[in-house]
Structures are given as C-alpha cells and as structure tokens.
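Have a look at the structure below, then the notes.
The values are calculated or read from the model by the stated rules, or taken from the named source; none is laboratory data. Computed from a predicted structure; not experimentally measured. So basically every Cβ, Gly included, is an ideal-geometry build from the backbone, and we count neighbours across all protein chains shown.
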Amino acid sequence: MKRLLLLPLIATLSCAQDASVKPGINDKFLDPNLKVGEWTQKFETESREIFHQREKIVAALRLRPGLNVADIGAGTGLFTLPFAKAVGPKGHVYAVDIAKNFLSHIQARAVEAQAANVTTVQCTPRSVELPEASIELAFICDVYHHFEYPQASLASLHKALKPGGQLVLIDFKRIPGVSSDFVMGHVRAGQEVFEAEVTAAGFEKLTETTDVLKENYFVRFKRK
C-alpha cells in the first residue's frame, strides 16, 4: 500500500526532471569564497554520526582491490582516502563534488598521501559527470538530500555504473516527532520516498545495514 501511495510522487518527479526539488540548497557550496576549513570543522567532528562511525561504514562496504568507486558529494574527502587505500593501486576513486574548493582540498590531501588513484570531478546539479560504465560502486552519504534534480542525477549515475554495479545510499532518517528540527527542515523527504526515487531510476534494492548507524539509514542497491 505504501508503495502504491508513492507512485504518483515518482511519476510526477519523472515527468518534471527540469524542476528543482529544493531550489538553492547548494548555493553555499557554489560560493567561490567557500572556506574549506569551516566545513571541515562541521563535517569531521565526532558529534556527526557518519564521522564517528566512518571506519565501520568503510568496513561494511566490503571494498576490494581493483574496484572503481565514486565518492558522490565527497565534501572534504572524509571517505575518499580510506576508499583509495581499500581499492589499492589497481583500483580508482572518483571524488565527485559540486564545490570546486572541496575538490582542490581533496586533491591536495591525495597528493600528500601519495594516493595516485584519486581523481577529482566537478559535477553539475543534473549530472555526476562520470564516463559511461566507469565505476562499480557509487557511494552517496548524507548527500542525496542535496540532489536538486534527483532523477537527472540518478540517470547519470545509472549510466556511469557498469551493469550490475551497486549504489550505496546513506542519509538521515526523517521521522516526524522523532527526528531533530534540523533534519525535518533540511531533508526534504524520508527513506521510503528516497528509496522509491532510486528504484524508479533503474535500481533494485539489495540489502539494508542496520547495525552501524542510528541517525542514518544504510541501503545498498544494484543497477538493473
């Protein structure tokens, strides 16, 4: 029944890919004067669940040497370098972000760490800007709610993934009466809506990891 109730919403989104679902949500990241240090303090702090549990998240992904991974909305590079280490020199990590300053910061961190298997990619609001069939795994952590044009962005991800490739979605649980005021105001929809959007874009839900995070959900999909 819940799935049936979501179908009209998905149909509307699919027919209106040119309509922003949350205008202006990424404006602050497009500021050429964006100060990476200030965002590092916000993103890389123990009070943020995904930072606190970052090692468990990476372990749960079960990355293997030789894998090509896209860190979508890489931000300050919290996961980029651990991914680069996990996939090894025969694998590759694409750090994808809309903010040029974040990408410059990640590139500097990669050079310092001698991680030659990291490439930074500046995306657009509608596309991840990755080559076709270039990755086996797309990682979207606390970022999907920033997709201003989700159907267009998901279509570009579907194209970038190799057949059978996987998409991992981690995002805030948005539950009225339970979630914080920040989450309720900042995140446009809950897990069921986001999952429905992903499956409507040509993905099949595989598993949900429930023993790592409490404030966020952790879902794995496969490209059809």
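Could you list all residues from the stretch 44-72 that are touching a Cys at 6+ places or on another chain (Cβ under 9 Å) and farther than 21 Å from Thr119 by Cα?
Hits for the stretch 44-72 are Ile50, Ile57.
Just for the stretch 10-46: of the residues that are exposed (fewer than 13 other Cβ atoms within 10 Å of the Cβ), in a loop (DSSP other than H, G, I, E, B) and more than 19 Å from the chain's Cα centre (by Cα), which one is modelled with the lowest pLDDT?
Of everything passing the filter in the stretch 10-46, Ala16 is modelled with the lowest pLDDT.
Any residue in the stretch 125-143 that's more than 21 Å from Ala19 (Cβ to Cβ): show its pairings with residues that are of a type in the set (Phe, Trp, Tyr) and assigned to a strand (DSSP E or B) at Cβ separation under 8 Å, as long as the two are six or more apart or on different chains.
These pairs meet every condition: Leu130/Tyr94; Ser134/Tyr94; Ile135/Tyr94; Asp142/Phe172.
Taking the stated definitions as given, is Ala95 small (Gly, Ala, Ser) and in a loop (DSSP other than H, G, I, E, B)?
Judged against the criteria, Ala95 is not a match.
What's the number of the only condition in (1) in contact (Cβ under 8 Å) with a residue 12 or more places away in the chain; (2) over 27 Å from Ala59 (Cα atoms) that Met184 fails to meet?
If we test Met184 against (1) in contact (Cβ under 8 Å) with a residue 12 or more places away in the chain; (2) over 27 Å from Ala59 (Cα atoms), just (1) comes out false.
Given the conditions (1) in contact (Cβ under 8 Å) with a residue 12 or more places away in the chain; (2) of a type in the set (A, V, I, L, M); (3) within 18 Å of Phe218 (Cβ to Cβ); (4) surrounded by fewer than 21 Cβ atoms within 10 Å (Cβ to Cβ), which single one is not true for Ala155?
Of (1) in contact (Cβ under 8 Å) with a residue 12 or more places away in the chain; (2) of a type in the set (A, V, I, L, M); (3) within 18 Å of Phe218 (Cβ to Cβ); (4) surrounded by fewer than 21 Cβ atoms within 10 Å (Cβ to Cβ), only one is false for Ala155: (3).
Using the structure shown, decide if Glu49 is loosely packed, with under 13 Cβ neighbours inside 10 Å and under 28 Å from Lys173 (Cα atoms).
Numbers: loosely packed, with under 13 Cβ neighbours inside 10 Å: no; under 28 Å from Lys173 (Cα atoms): yes.
Taking the combined requirement at face value, the residue does not satisfy it.
Would you check which residues across the stretch 52-92 are of a type in the set (Gly, Ala, Ser), buried (at least 16 other Cβ atoms within 10 Å of the Cβ), without any contact (Cβ under 8 Å) to a residue 60 or more places away in the chain and in a helix (DSSP H, G or I) and list them?
Ala84, Ala86
Can you pull out every residue in the stretch 107-140 that is out of contact with any helix residue (DSSP H, G or I) (no Cβ under 6 Å at 6 or more places or on another chain), crowded, with 20+ Cβ neighbours inside 10 Å and under 23 Å from Arg48 (Cβ atoms)?
Hits for the stretch 107-140 are Ala110, Cys123, Leu137, Phe139, Ile140.
In this structure, does Ala138 turn out to be over 14 Å from the mean Cα position of the chain (by Cα) and hydrophobic (A, V, I, L, M, F, W, C)?
Taking the combined requirement at face value, the residue does not satisfy it.
Could you list all residues from the stretch 141-152 that are farther than 22 Å from Leu67 by Cβ, assigned to a loop (DSSP other than H, G, I, E, B) and in contact with a helix residue (DSSP H, G or I) (Cβ under 7 Å, 6 or more places away or on another chain)?
Phe147
For Glu192, all conditions in the list (1) touching a residue at least 40 places away in the same chain (Cβ under 8 Å); (2) surrounded by fewer than 16 Cβ atoms within 10 Å (Cβ to Cβ); (3) not in a helix (DSSP H, G or I) hold save one; what is the number of the exception?
(3)
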